[in-house]
Amino acid sequence: MRIDDLETPVPVVDLDILESNLARMQAYCDEHGLRLRPHIKTHKCPQIARMQIDGGAVGITCQKLSEAEVMVDAGFVDIHMSYPLVGVGKAERLAALARRAHVSVSVDSDQTLETATAAAKQAHSRIPVLIDFDSGAGRTGVLHPEDALRLAKLVLATPNLEFEGLITYPLSPASGEFYLRALSLFQSEGIEIRRFSGAGTPTAWTAHLTPGLTEVRQGSYVFFDRSTVADGAATLDDCALHVWATVVSRPTKEKAILDSGSKTLSSDRVPDYAGPGYGLIREWPDAVIERLYEEHALVRVPNGCDGLQIGERVRVLPNHVCVVVNLHNELLGTRSGQVEQTLSILARGKSQ
């Protein structure tokens, strides 16, 4: 089947670009001695994760346990859980995963450490632990190297837990500064930091400049999107996924309606420097998707535009590709205009 024959709206992946993106990131990591452990939250697809492993990735990263459960069922055996896990239920599920695969976890508090401890005890296996620190996102992570050292000592004193090192998001100059301060403290206590994991596609190509970094967990690089292009991590030619949409109404000469609303494109915006609207129409980059309803995209048509007529099909580059993928059951992989394979998003909606 040709792309032109597909019903819209539909997310379409250019397989040549996807494969090029995967190969380029792996080559970068190989060149700089970094282990690649890609974050599957972008694609949520075992088929693409298998391509990454086959290309040289050492394992995968998951945010939520439900994602990891899908991936273990699909045969993946080396997974890092980068999201804080808290509570009895999470401990039971982590233990079940630890019986089936090599699973490491991030902790940044006594409570997340308690969850990992309970899971390791139930699984009767060792669970490697990384201490999460904040390097600018203001989300999770300890704020001071002294806090990281305290947690590391607790890990070392806990049966069935193994201290491996540090983890952070996003990579920034603050990441290296924190690591160097922590390294001095840890060395004074005779504790080795064997693994230092960082992430963030916007800084993907400068990750090697971070002191002590051993591992990267990039995610969006598989497809890239409008945000990562604006951040300088990619060009428009590197973007592998677009949502194909059709103009279904033209109520005025200044307005066109696409059949792709918030249930297709998501309602994520981008910073002002990335451009206005809810995605970039590649054929008409001056047009602006000004507003989304559930199934309608309202497009402001620029003066002098002779396109965007009813029945015309366009490609929309998502603002944030991770969210768009999670709205769909499958992606269609194409090559030279022909549909070659269906990529099943088996971890779609897996957020627990």
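The values are calculated or read from the model by the stated rules, or taken from the named source; none is laboratory data. Computed from a predicted model, the values in this text were never measured in an experiment. Glycine gets a Cβ as well: all are built from the backbone with ideal geometry, and neighbour counts include every protein chain shown. Side chains included, ligands, DNA and RNA excluded: accessible areas come from the protein's heavy atoms. Shrake-Rupley method; radii C 1.70, N 1.55, O 1.52, S 1.80 Å.
Go through region 290-329 and give me each residue that's open to solvent by 90 Å² or more (accessible area, probe 1.4 Å), of a type in the set (D, E, K, R), at pLDDT 95 or above and out of contact with any Gly (no Cβ under 7 Å at 6 or more places or on another chain). Listed by number, the residues that qualify are 291, 300.
Restricting attention to region 127-157, the residues that are outside any strand (DSSP E or B), open to solvent by less than 40 Å² (accessible area, probe 1.4 Å), of a type outside the set (A, V, I, L, M) and in contact with a helix residue (DSSP H, G or I) (Cβ under 6 Å, 6 or more places away or on another chain) total 2. Cβ separations smaller than 8 Å between residues 6+ apart or across chains give the following pairs from region 200-225 residues that are under 20 Å from residue 80 (Cβ atoms) to residues that are part of a loop (DSSP other than H, G, I, E, B) and among the charged types (D, E, K, R): 201/231; 214/194; 215/37; 216/37; 217/37; 219/41.
Among the residues of region 58-78, none qualifies, meaning not one is surrounded by 15 or more Cβ atoms within 10 Å (Cβ to Cβ), over 19 Å from residue 344 (Cβ atoms) and of a type in the set (Phe, Trp, Tyr). Considering region 95-108, and only residues there that are touching a Ser or Thr at 6+ places or on another chain (Cβ under 7 Å) and under 20 Å from residue 167 (Cβ atoms), the residue that is most open to solvent (accessible area, probe 1.4 Å) turns out to be 108. Scan region 261-270 for residues that are within 18 Å of the chain's Cα centre (by Cα) and within 14 Å of residue 298 (Cα to Cα) and the total you get is 3. Within region 1-43, being in a loop (DSSP other than H, G, I, E, B) and within 14 Å of residue 325 (Cα to Cα) holds for 9, 40, 41, 42, 43.
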